[in-house]
Amino acid sequence: MIWQLGERTLDFRHRLQVMGILNTTPDSFFDGGAYLDPARAVERGLQLEAEGADLIDVGGESTRPPLYGERQSVDAEEECRRVLPVIEGLRRQTRIPISIDTTKAEVARRALEAGADIVNDISALRDDPGLAAVADAHQAPVILMHRPPPALGPGDPTAAVRAFLAQRLEAARQGGLTALAVDPGLGFGKSLPGNFALLRRVEVFAGLGCPVLVGASRKSFIWKTLDLDPAQSLEGSLAVATLCAAQGVHLLRVHDVKETVRAVRVAHAVARA
């Protein structure tokens, strides 16, 4: 529950950590195109740190679902072109831990060499067999997310998601990785009731013996429930954040750092009272 990242440390034992999202993409579902310029992206990253982010997640390829329209797949070179100047710029100006949100070994390698500390892989090391070796060579923690396939049935997906993550953890450990976290992948191939079921039972993932990340910020199951749109889903996202804090989630991946930090601090204060 403690990740040593060179001179930087992430300690998940005593409080929830907040990961600020920094998309350098033109087509991400909420902030696509806002931070294409590297200088502006670095400025945004520093703002996230000032707002209380414990780490920053930099991504260069959208993973948005089809309901937002067709996303743009990019090769490793284009992904690196988007993320490397941002990672390098942040590392020159801050000590905050940085994760690279990628499924590609080449992108992960170059990002880690540029100053990133963590690999956030939504494919759970399935898309690129070489990514585990890259992370191992750099002693970088890896976040493993559930993303179908396998297909999920119409009922509560918690048991299936947990079994998948347990299998991927074992595969990662056999590959030499020890610093790992799991993410149930809210919004990825889950129905609205399925997302709610995962949130109700999110504490079961802590039994896997590593930090649990939840990324629910402004996702469709929130704004659809409110009959709104992503731009109007801050309050719903904060509701999910406080529920996660109450259930012992270790890490939240969010767009709205300042508001989330304030919400979960109150949730923790109530829990400790």
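A few remarks follow.
- Among the residues making up the stretch 81-95, those that are in contact with a Gly (Cβ under 8 Å, 6 or more places away or on another chain) and either at positive phi or among the aliphatic types (A, V, I, L, M) (or both) are Val83, Val86, Ile87, Leu90.
- Residue that is nearest to Glu43 (Cα to Cα), among those in the stretch 87-112 that are surrounded by fewer than 24 Cβ atoms within 10 Å (Cβ to Cβ) and out of contact with any helix residue (DSSP H, G or I) (no Cβ under 8 Å at 6 or more places or on another chain): Arg92
- Qualifying residue in the stretch 137-158 (condition: assigned to a helix (DSSP H, G or I), farther than 21 Å from Ala105 by Cα and either modelled with pLDDT under 95 or not polar (S, T, N, Q) (or both)): no
- Taken over the stretch 36-54, the residue count meeting the criterion of being part of a loop (DSSP other than H, G, I, E, B) and either more than 18 Å from the chain's Cα centre (by Cα) or acidic (Asp, Glu) (or both) is 4.
- Of all the listed residues (Ala267, Ala271), the sole one being out of contact with any Gly (no Cβ under 7 Å at 6 or more places or on another chain), more than 26 Å from Leu144 (Cα to Cα), modelled with pLDDT under 95 and surrounded by 15 or more Cβ atoms within 10 Å (Cβ to Cβ) is Ala267.
- Filtered residue count, the stretch 12-35, keeping only those that are more than 20 Å from Glu79 (Cβ to Cβ), of a type in the set (Val, Ile, Thr) and outside any strand (DSSP E or B): 0
- Among the numbered conditions (1) at pLDDT 95 or above; (2) over 28 Å from Leu46 (Cα atoms); (3) buried (at least 19 other Cβ atoms within 10 Å of the Cβ), the only one that Leu208 does not meet is (3).
- In the stretch 55-74, residue nearest to the chain's Cα centre (by Cα) [restricted to those that are of a type in the set (Val, Ile, Thr) and at pLDDT below 95]: Thr63
- In this entry, Ala267 passes the filter for residues that are over 25 Å from Asp27 (Cβ atoms), of a type in the set (A, V, I, L, M) and in contact with a Ser or Thr (Cβ under 9 Å, 6 or more places away or on another chain).
- Any chance Leu125 is surrounded by 16 or more Cβ atoms within 10 Å (Cβ to Cβ) and either in a loop (DSSP other than H, G, I, E, B) or of a type in the set (Lys, Arg) (or both): yes
- Matching residues in the stretch 18-40 - criterion: being touching a Pro at 6+ places or on another chain (Cβ under 8 Å) and surrounded by 20 or more Cβ atoms within 10 Å (Cβ to Cβ): Thr24, Phe29
- When restricted to residues that are basic (Lys, Arg) and free of Cβ contacts under 8 Å to residues at least 24 places away in the same chain, the stretch 219-261 contains 0.
- Contact annotation: residue pairs with Cβ atoms under 6 Å, 6 or more positions apart or on different chains, pairing a residue in the stretch 166-185 that is buried (at least 23 other Cβ atoms within 10 Å of the Cβ) and of a type in the set (Asp, Glu) with a partner that is modelled with pLDDT of 95 or more and not in a loop (DSSP other than H, G, I, E, B), are Asp183/Ile143; Asp183/Met145; Asp183/Leu213.
The values are calculated or read from the model by the stated rules, or taken from the named source; none is laboratory data. What you are looking at is a predicted structure, and each value in this text was computed from that prediction instead of being measured. In this analysis, Cβ positions are derived from the backbone assuming ideal geometry, glycine residues included, and neighbour counts consider all displayed protein chains.
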